[in-house]
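Step one of this worksheet: look at the structure below.
The values are calculated or read from the model by the stated rules, or taken from the named source; none is laboratory data. Being a predicted model, the structure only gives us computed values, none of them experimental. Glycine gets a Cβ as well: all are built from the backbone with ideal geometry, and neighbour counts include every protein chain shown. Note: accessible area is taken over every heavy atom of the protein model, side chains too, but ligands, DNA and RNA are not part of it. Shrake-Rupley method; radii C 1.70, N 1.55, O 1.52, S 1.80 Å.
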Amino acid sequence: MTPAVGSRATAARARRIVVKVGSSILTRDGKLRHRVFGEVARQVSALQDAGREVVVVSSGAIAIGSRRLGWAHPGRSIPEKQAAAAVGQIGLIEIYQRRFAALGKQVGQVLLTRTGLEERERFLNARHTLLKLLALGVAPIVNENDTVATEEIRFGDNDRLGARVAQMVSADTLVLFSDIDGLYTANPKTDEAARHLPEIREITPEIAAMAGAPISADSRGGMITKIEAAKIAFGAGCRMAIGDGRSLHPLRALRTGARCTWFLPPAEPRTARKRWIASAILSGGAVTVDDGAAKALRGGRSLLPAGIVAIEGRFRRGDAIMVRDKAGREIARGLSAYAAEDAALIKGRKSAEIEAILGYRGRDELIHRDDLVLIERT
């Protein structure tokens with residue numbers, strides 16, 4: 001199989017896709033490339049029409065804000081960059097909104113910080129928001145919240161954020177568009193002997209070393225952050241491509257076999273997520289379920305409050321807890337959608353009663369089947 005055919009086959013398997021578009025793609029010589037925004041919208045819309053779900057992780061707020069403020073520079077200090085981001089984020093989402101609306105599509109703005117996502121509660125809130133937008137057919141436009149971030153502005157770019165988003169929504173494919181068509185054995189701009197690598201199945205120290213050194217302490221992005229993103233994607237069981245996004249049709253080109261580098265992990269997203277849940281540190285909390293609920297779990301169903309007969313221990317929303325049958329045997333473990341206090345109030349009750357009992361509308365399930373792993377007894 002030729003690299004082009006392999007690339008087409010890999011792209012064709014994508015069902016839930018995160019696409020990262022950097023400032024270098026959306027701007028040129030300090031000016032916005034409005035046609036590129038339009039093409040991104042058209043190609044994402046086409047993927048949606050074909051039954052795919054797409055999240056766009058987009059840079060550009062600082063560049064847009066700097067231009068609107070009349071600066072010839074993208075902000076010289078952190079406060080200036082944050083001010084530019086505050087002005088530019090409005091412009092960025094306006095552009096995307098107009099382009100998608102012309103195609104009959106809706107977009108939603110989601111601002112995240114990498115450090116903020118280390119907190120489990122924020123991670124879950126962001127995950128549920130993104131999944132709901134995808135279920136509604138809305139294209140989420142994600143960017144780092146540069147108005148409050150500092151480390152990200154200096155070092156982060158959006159490569160690693162794209163990988164974290166892919167991990168968050170259990171995406172099967174992450175695409176990082178750059179100004180180069182993939183990973184090379186050396187810098188192709190300075191080394192004529194540099195070879196393009198079409199496929200990576202393991203991120204070895206040798207592969208990581210091929211990313212080279214950063215140009216300066218203040219450089220954003222580059223191949224180093226893309227390798228770091230690939231490590232995150234591998235852990236999530238998500239395929240990742242590094243492709244040249246400078247053409248007007250980068251997504252279409254990727255789907256038709258354009259040269260790129262595919263990072264191919266050994267596990268699929270759900271398998272990787274289930275492995276992560278199975279190995280998660282338990283909070284010490286546990287629930288006991290009735291026979292009907294135990295049977296439903298073994299049949300691949302979610303755990304509903306109605307099937308719970310007892311709550312033990314203290315746990316927060318998003319914590320990993322144990323699920324026991326009436327004989328006290330562990331039959332599953334998973335991530336609770338409710339804290340122990342709320343779980344105790346809704347145990348044994350129908351999902352339709354949750355809002356009346358708690359005063360807010362949460363999830364219908366205590367543990368969704370995607371967040372649950374069965375424990376095999378020997």
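Using only Cα atoms, what is the ratio of the radius of gyration of the stretch 46-100 to 2.2 N^0.38 Å?
On the way: Rg = 14.1 Å, N = 55, 2.2 N^0.38 = 10.1 Å.
Relative to the 2.2 N^0.38 Å estimate, the stretch 46-100 comes out at 1.40.
Grab the beta carbon distance between A280 and L136, set R0 = 25 Å, and tell me the FRET efficiency rounded to 0.05.
Plugging the Cβ-Cβ distance into 1/(1 + (r/R0)^6) gives 0.30.
Please compute the contact order of the stretch 295-351 in relative form: average sequence separation of alpha-carbon pairs under 8 Å and at least six residues apart, divided by the residue count, as a percent.
Numbers: 77 pairs, mean separation 24.3, N = 57.
Relative contact order of the stretch 295-351: 43 percent.
With all protein chains present, how much of the accessible area of the stretch 14-82 (probe radius 1.4 Å) comes from carbon and sulfur, to the nearest whole percent? Before the final figure, lay out the partial values.
Working: 1440 of 3030 Å².
That share works out to 47 percent.
Carbon and sulfur: what percent of the stretch 206-364's accessible surface (1.4 Å probe)?
Working: 4050 of 7790 Å².
For the stretch 206-364, the apolar C and S fraction of the accessible surface comes to 52 percent.
Straight distance only, please: which lysines reach the Cα of K347 with their own Cα at less than 19 Å, same-chain residues fewer than 8 apart left out?
Those lysines meeting the cut-off are K295, K326.
Where only protein heavy atoms count, and the probe is 1.4 Å, what is the accessible area per residue for the chain in Å²?
Averaged over the residues of the chain, the accessible area is 47 Å².
Okay, helix-only estimate at 222 nm for the chain: each DSSP H run of n ≥ 4 adds -39500 (n - 2.57), divide by all residues, round to 500 deg cm²/dmol; what do you get?
On the way: 14 runs with 143 residues, N = 378.
Roughly -11000 deg cm²/dmol at 222 nm, from the helical runs in the chain.
Just tell me which lysines come within less than 18 Å, Cα to Cα, of K132; anything on the same chain fewer than 8 places away is out.
K105
What lysines sit close enough to K31 to cross-link, taking a C-alpha to C-alpha distance under 24 Å and skipping anything fewer than 8 places away on the same chain?
K20, K81
Among G75, A194, T129, whose Cα lies farthest out toward the positive end of the dipole of the chain, if unit charges sit on the beta carbon of Lys, Arg (+1) and Asp, Glu (-1)?
It is T129.
Grab the beta carbon distance between N187 and K31, set R0 = 41 Å, and tell me the FRET efficiency rounded to 0.05.
Using R0 = 41 Å, I get an efficiency of 0.90.
What is the angle, in °, between the Cα long axis of helix 120-135 and the longest principal axis of the Cα atoms in the chain? Nearest 10 is fine, range 0 to 90.
80
Treat every Asp and Glu Cβ in the chain as -1 and every Lys and Arg Cβ as +1, leave all other atoms uncharged, and give the resulting dipole magnitude about the Cα centre to the nearest 20 debye.
That gives a dipole near 820 debye.
In the stretch 321-335, whose amide N lies under 20 Å from the spot 7 Å out along Cα-to-Cβ of R270? List them in ranges.
Under 20 Å, as judged by backbone N against the label point of R270, lie 332-335 of the stretch 321-335.
For the pair H128/R195, report the inter-label distance in nm, with labels modelled 7 Å from Cα in the Cβ direction.
Using points 7 Å along Cα→Cβ, the separation is 5.0 nm.
Only Cα pairs under 8 Å and at least 6 apart count here; give the relative contact order of the chain as a rounded whole percent.
Over the chain, the number comes to 15 percent.
Show the residues, 5+ positions off or on another chain, whose built amide H is closer than 5 Å to the amide H of V55.
I17, V18, V19
Could you work out how far helix 223-235 tilts from the main Cα principal axis of the chain, as a 0 to 90 degree angle to the nearest 10?
Taking the Cα atoms of the chain, the angle to 223-235 is about 20 degrees.
Using only Cα atoms and rounding to the nearest 10 degrees, what angle (0 to 90) does helix 159-168 make with the longest principal axis of the chain?
Long axis of 159-168 versus the principal axis of the chain: about 20 degrees.
Give me the distance in nm between label points sitting 7 Å out from Cα along the Cα-to-Cβ direction at A327 and Y360, one decimal.
3.9
Using amide H atoms built 1.01 Å from N in the peptide plane, name the residues 5+ places from R324, or on other chains, whose amide H lies under 5 Å from its own.
V287, T288, V289, I331
Label points 7 Å out from Cα along the Cβ direction at A208 and A101: separation in nm?
Each label point lies 7 Å from its Cα, and together they span 4.6 nm.
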